[in-house]
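Read the figures in this text as sums done on the coordinates, not as results from a lab. Computed from a predicted model, the values in this text were never measured in an experiment. No Cβ is skipped: glycine too gets one built from the backbone with ideal geometry, and neighbour counts run over all protein chains shown.
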Amino acid sequence: MGLEVKTFTLGPLENNTFLLWEKGTKQAILIDPTYEIQTVIDEIQALGLHLSEIWITHAHFDHVIGIPLLLQSYEPSPQIGLHAADLGLWRADAGAQSFNLHISLPKDPDFFFEDRLKLTLGTTEIEVRHVPGHTPGHVIFFISQKKIAFCGDVLFYHSIGRTDLPGGNFNTLIDRIRSEVLSLPLDTRLLCGHGPETTVFEEKENNPFLK
């Protein structure tokens, strides 16, 4: 039936939230709902989509702060997926306290991701890869049929995610980027949690942190 992907750059930290949907069934999932999520809700309505799940790459507040409004906006509420290693961060205001902020997430996730778990959206298979280092439970989502990976804050164009926040580890992050991201096909598009997209080839060749 075909998969569609739309990127929304929203909020004060210019987060990228990703809407994926199957053209035939109009089943949709949302990755990393951030600030100003009403913009995405309006688009979902305009497209006539059914939002069934919310996938979280990692539990930092700016990647989950849109969840309360999403849960209020749909009946039944979409199911939330997270890696269990980030559950502690999720329950601790999603790390917002480190920035003198407070958010309230209404419930624990409904299901947990595991490394190499295979997810489906319509006829499209999506692989979960566990890439800790920015947070203990950070995952990326790889769609081999489309040569796209949703990378959260693992890496950015010519940069990498922070490792100075609780649960971060520089050596772990670099090792897992090399084994789990740079091992993807060279022409794989890397859709990052902030900033422009890049490719595996571009980061292998020009990312100063990965030399």
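Per-residue answers, yes or no, for (1) without any contact (Cβ under 8 Å) to a residue 40 or more places away in the chain; (2) in contact with a Leu (Cβ under 8 Å, 6 or more places away or on another chain):
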| residue | (1), (2) |
| --- | --- |
| 33 | yes, yes |
| 37 | yes, yes |
| 47 | yes, no |
| 61 | no, yes |
| 71 | yes, no |
Which condition does residue 57 not pass, out of (1) over 23 Å from residue 188 (Cα atoms); (2) in contact (Cβ under 8 Å) with a residue 60 or more places away in the chain; (3) polar (S, T, N, Q), if it passes all the others?
(1)
Output the residue which, of all residues in the range 45-68 that are within 18 Å of the chain's Cα centre (by Cα), in a helix (DSSP H, G or I) and among the hydrophobic types (A, V, I, L, M, F, W, C), is nearest to residue 193 (Cα to Cα).
61
Restricting attention to the range 168-211, the residues that are in contact (Cβ under 8 Å) with a residue 60 or more places away in the chain and either among the polar types (S, T, N, Q) or in contact with a His (Cβ under 8 Å, 6 or more places away or on another chain) (or both) number exactly 1
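Which residue is surrounded by the fewest Cβ atoms within 10 Å (Cβ to Cβ), if the candidates are limited to the range 24-71 and must be among the acidic types (Asp, Glu) and within 18 Å of residue 90 (Cα to Cα)?
Among those that are among the acidic types (Asp, Glu) and within 18 Å of residue 90 (Cα to Cα), it is 53.
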Working only within the range 9-30, note down all residues that are of a type in the set (Asp, Glu) and either at positive phi or out of contact with any Ser or Thr (no Cβ under 8 Å at 6 or more places or on another chain) (or both).
14
Would you point out the residue of the range 88-112, among those that are among the hydrophobic types (A, V, I, L, M, F, W, C) and touching a strand residue (DSSP E or B) at 6+ places or on another chain (Cβ under 8 Å), that is farthest from residue 135 (Cα to Cα)?
111
Scope the range 91-133; condition of a type outside the set (Ser, Thr, Tyr), under 21 Å from residue 68 (Cβ atoms) and in a loop (DSSP other than H, G, I, E, B); matching residues:
92, 100, 101, 102, 103, 105, 106, 107, 108, 109, 110
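Out of the residues in the range 158-211 meeting the condition of being assigned to a loop (DSSP other than H, G, I, E, B) and of a type in the set (Asp, Glu), tell me which one is surrounded by the most Cβ atoms within 10 Å (Cβ to Cβ).
Going through the qualifying residues, I end up with 197.
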Can you tell me how many residues within the range 56-84 are among the small types (Gly, Ala, Ser), more than 14 Å from residue 134 (Cβ to Cβ) and in contact with a helix residue (DSSP H, G or I) (Cβ under 6 Å, 6 or more places away or on another chain)?
2
